[in-house]
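The structure appears below as structure tokens.
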């Protein structure tokens, strides 16, 4: 109604706050009140449907926040599992390297023994 040029005291009056009009100094007639109301009426909003839309939107926001929270928790759990798998992979790679080194040492020992046996004529 403000956009229609209606003064705040009349907006308050139309909102049901009857004491906002100082009746001793300002006694608008019914016709004057009607004219003031009609000036601001195009700018009024009825909130019945809007209240439902607002409630629906708030519920959608809550659902979206809950969904985002669930995804964040799932993400943290996945990251934790990935970190554990990477640690296990690193441990396995280290163990595989140790096994490869041990195998090489054993092959070197076998080669030395075979060379020694060949020198002695024992095969």
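Quick notes on this structure:
- Within region 27-76, the set of residues being touching a residue at least 40 places away in the same chain (Cβ under 8 Å) and outside any helix (DSSP H, G or I) comprises 44 only.
- Hits in region 33-46 - residues which are modelled with pLDDT under 80 and out of contact with any helix residue (DSSP H, G or I) (no Cβ under 8 Å at 6 or more places or on another chain): 44, 45, 46
The values are calculated or read from the model by the stated rules, or taken from the named source; none is laboratory data. Values in this document were obtained by computation on a predicted structure and should not be read as measured data. Note that we place each Cβ from the backbone using ideal geometry, even for glycine, and neighbour counts take in every protein chain shown.
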